Every structure is written in C-alpha cells, then in structure tokens.
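First comes the structure, then the notes that go with it.
The values are calculated or read from the model by the stated rules, or taken from the named source; none is laboratory data. Please read all numbers here as calculations on a predicted model, not as lab measurements. Here the Cβ is made from the backbone with ideal geometry for all residues, glycine too, and neighbour counts use every protein chain on show. Each accessible area value is taken on the protein alone, full model and side chains, heavy atoms only, with ligands, DNA and RNA left out. Shrake-Rupley method; radii C 1.70, N 1.55, O 1.52, S 1.80 Å.
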Amino acid sequence: MNHQMAVEGMKSAWDPSRYFATQRGRKVMRTVNAFKVTILCGFITILVLRGTMQAGSGLPDSSKFIDEDAERFQGLTRTSRMLKEAEDETPVDSALVGKFVEEEKWDPSKPYTLGPKISNWDEQRRVWNERNPMQNVTRNGKPKILLVSGSQPGPCGNPMGDFYHLKYLKNRIDYARLHGMEFFYNVATFQKEMNSFWAKLPLLRNLMLNHPETEWIWWMDSDAIFTDMTFEVDLERYVGKNIVIHGFNDLLFEQHKWLGLNTGSFLLRNCQWSLDLLDAWAPYGPSGEVRMNAGKMLTAKLVDRPAFEADDQSALVYLMLFGDPQWRGKLFLEWAFYLHGYWKFVVYNYENVMAKHKPGFGDDRWPFVTHFVGCKPCQYAVTGEVQECFKQMERAFNFADNQVLGKYGYAHRSLATWKTVKVREDTNDPLGLYKAHKNPQDTPTLKSEDLSAQFLKQKEAAGLEKVLPKTTS
Ligand code: UDP
Ligand code: MN
C-alpha cells in the first residue's frame, strides 16, 4: 500500500496534465506556446522571403542563397534609403506645392500662359468626333459630362482634412455612378505657378484637350459635396451658353460683389470659347508677385473683397464685369438651384428638409450641393471655426450618404454620427420577385420568360427610382 501510494505520488508529481493545471505549469505552457508561435512566424517569414526573392529561379545552393540574400538586402536598404530621402524632401506644406512638378521655367517678363495657343479647337474637336463616332454621347444618347475634382498632392496639414477629402471623394463617386457620368480626381500639380485654388485652370484645359469626346467639364471643389443625390442638372437650359456657375445677377452685375458668383462648382463647355476664357483668366494666377499685385487690383475693384492674393473666383468676377463682353455673353448664372450652396445657409436646415421634403429639388427644399467655403479643412490651424466646419462636414456627408445607403438597407443613426443602423430586414426575396405572395409555400414557380420579364422591369426601375425616394413636386 505504502509502495502503491509512493508510486501514485510519483505519478501525480510527474503527471503533465496535473502539472500544467498548476499556476506555474500554465505559465510555462504559455511561454512554450508563445515560443512556438514565434518560431512558426519566423519560419513563415523565411519561406515568404525565399519565395519572393527567388521568384523564377531554381533552388540555389545555400551559400549562394546567403550571398544573394545579403546583396538583395543591401539593395532593399538602398531603395528604402532613397525612398526615405525622397520623403524627407517632400514638403508637407501645400504652399510649397510647386516642388511637385518639373517643367520649363516661366519667364515672368512674358505673359503667363497655360500652354500653346490653340485657335481652332472647335474644328479639331469636330473632326475628332467625326472620326470617332458615338464616343461623345452617353449610353442614353446624352452629351457627355466629365465630373472633375482634386486636392493637393501632399498630406493635409490636419489629418482630418484627408479624412473628409476621402469621404467627399466617395460622395462624388456615388453621384457620378448614379448619374452615368465619368469622374476624374486629380492630386498632381500640373503647373507649379498654379497652386491652391488656381490648380483647377491647367487641369481643366488639359482635360478638355484630352477628352474631346466630352461636351461639359464639371468642376467641383474638394470641400463641396452633393447633398441631393437624385437631382440632375438639365443641360437643355444651357444651350448657347458656355459656363454655368452659381451666382446672383444683382450681386454680380449691379453690386459688383466678389461673392456674386462661386467657382466651387461650375460647368464649362469643351469649346474654343472656354480655352480662350482660361487663357484670359490664368494671367491673374501665377504665384508670387503677379498674384499679389492682381490681388490688390481685385480688392480695389470688387465690393467687400478682403485684401489677399488673387483668387480664381475674384478674377472670374472681374472678367465678367470688366473684361471682354464675350465672357458675360456666354455666362449662365444659375440661381434656380444650389449648384453651389453656401454651407452656413444650408447645413442647419437638413433635419427640417428631411421632415418636410424629399430629394429631387436641388434648391432650398433639398440643397443640391453643399460647399464648405472658407473652411480650409486641409490647413494646419484647427480653430473653433474649423471645428464647426468638421462637425458640419460630417453632417453633410451623412445627410448625402443616407440617400445612398437606403438601397442597401442602412442609414446613419443621426446626421451627427458615422454609426449606422439597419433599416430593412434581410430577406430571401431581395429583388422582391415574390413579395405579392405572403406565404413562401404559396410561391408559384415562375417560368423563365416571366422571370426575365420581371428582371427587365427591375432593371428599368433600377438606379434612382430604386435607390432614392421618388420626388414629389
Ligand atoms: N485644389 C486643388 N489642388 C491643390 C489645392 C487646391 O485641386 O493643390 C482645389 C481643391 O479642390 C479646393 C479648391 O482648389 O477645394 C479651392 O480651394 P478652397 O476650397 O480651399 O477654396 P474656398 O472654396 O474655401 O474659397
Ligand atoms: Mn471650396
């Protein structure tokens, strides 16, 4: 018995399951497990490295492998060093944006130009479109619109700026998809003198020349967002006009206000007149002395303009008021809907419009575009005003996004939050083909012709009718 007890005792002392049940045992076990994971990770890393570095070659002998590895490693460190150096050179300050492009140096004694003078663009476009039939119309047979937006090449001074650029970019992608428009987003500097708000000018010219198939180029600032996802601009209104821009006749032509129109969202027809307008507009923009002096002139000429360097909007207002009459002759000042809606006038009204109206109006009842003029979300300074901007930018995004998410069965809990809530139960009849039959057992078997007819109907109704609530007038 004693002997047996001793054996039992020894057995229990060496029984691994009991040992690992003790606190010390568990600790040892955890260490061993962690060690195993480390070894496994190391092994996988070596396998992956060998795999990627040796792609395409047979298995070399191990000494060669080690030599090649060492060489490759040196190569990698050289590359990463070069990348690091390049990074060090990358200015974060958007004021230094000119560093991002190499081009011929502009001689300030000569007038600034966006490129070689083109005088027969209408003819060139006509010939191109004749040679490339059907390229200049959408699938619905409408003239093509290219939606264009962009932001600075480097990171924002304030990371929140990048966060909202991303969300606002998503909004534009949604709008373009829903309305069958092509979309171009630019983060490159095209001409170093044309930084900040002037960057759109060389970009617009470039896109016109490289997209002869597109009839309209629609510029949207990065701080502007579509807030009526249903509304569609009626191009028929603009026959005979070449620039469509939000503004007010009295503010512009009678009061000469620098805010008489807004260049945050406008349509420009792809034609000779527009190239000429850009040529007349650009000379106010080159950064440095020219822009500073132009700013002084614009402040003197325009009403309520604070003293600052020339901006694209003031220069356009100036051209419309005091420039060649051909400019105002082809201008369509749009005030029937918010092609640009000043954020302070619209964002505090979102809940109200949601309660009273449906999307589709684009005006006070449901603003088409909300533009965060003056917010400068990408700059360093985070003042109280900028905080309010971010708060309202989030609300504007959620207000717009609810109109997109609805189709997918979700909505934001409130305009203030990016949190979402499910607003529709999942179903085994997602296309609603059988919903007339309450009891799934009663569901008749549809013949394939019936199904395709149903699908055709669905397809026809797809897109906006399905995505968004129907508009009422
Ligand atoms: N922008 C650009 N590239 C740059 C810097 C600015 O395309 O390197 C664009 C961007 O879309 C921005 C617009 O220029 O929204 C005009 O500037 P901002 O919106 O800050 O002017 P505001 O509307 O406040 O007058
Ligand atoms: Mn803007």
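Some points to look at:
- Evaluating ASP276 against the criteria (1) under 27 Å from the mean Cα position of the chain (by Cα); (2) more than 16 Å from ligand 1 (Cβ to nearest atom) leaves one unmet condition, (1).
- Of all the residues in the stretch 343-366, those that are surrounded by 14 or more Cβ atoms within 10 Å (Cβ to Cβ) and more than 16 Å from ligand 1 (Cβ to nearest atom) number 14.
- Checked against the criterion of being over 30 Å from GLU394 (Cβ atoms) and either out of contact with any His (no Cβ under 7 Å at 6 or more places or on another chain) or free of Cβ contacts under 8 Å to residues at least 40 places away in the same chain (or both), the candidates LEU321, LEU302, LEU331 yield just one match: LEU331.
- Any hit, the stretch 340-348, residues being farther than 27 Å from PHE266 by Cβ and at pLDDT 95 or above: no
- Of everything listed in (1) surrounded by fewer than 23 Cβ atoms within 10 Å (Cβ to Cβ); (2) within 17 Å of ASP122 (Cβ to Cβ); (3) of a type outside the set (Ser, Thr, Tyr); (4) in contact (Cβ under 8 Å) with a residue 40 or more places away in the chain, the single unmet condition for HIS256 is (2).
- The listed residue being in a strand (DSSP E or B), crowded, with 23+ Cβ neighbours inside 10 Å and out of contact with any Pro (no Cβ under 6 Å at 6 or more places or on another chain), out of LEU277, LEU268, LEU201: LEU268
- Being within 21 Å of GLY341 (Cβ to Cβ) and either without any contact (Cβ under 8 Å) to a residue 60 or more places away in the chain or more than 16 Å from ligand 2 (Cβ to nearest atom) (or both) holds for only one residue in ASP221, ASP228, and it is ASP228.
- Among residues of the stretch 371-383 that are touching a residue at least 60 places away in the same chain (Cβ under 8 Å) and open to solvent by 10 Å² or more (accessible area, probe 1.4 Å), those with a Cβ under 8 angstrom from a residue that is among the acidic types (Asp, Glu) and more than 8 Å from ligand 2 (Cβ to nearest atom), sequence gap 6+ or separate chain, pair up as CYS378/ASP162.
- Subset tally (residues that are more than 25 Å from ASN120 (Cβ to Cβ) and β-branched (Val, Ile, Thr)) for the stretch 179-215: 2
- Subset of the stretch 131-149 (residues that are part of a strand (DSSP E or B) and open to solvent by less than 50 Å² (accessible area, probe 1.4 Å)): VAL137, ILE145, LEU146, LEU147, VAL148, SER149
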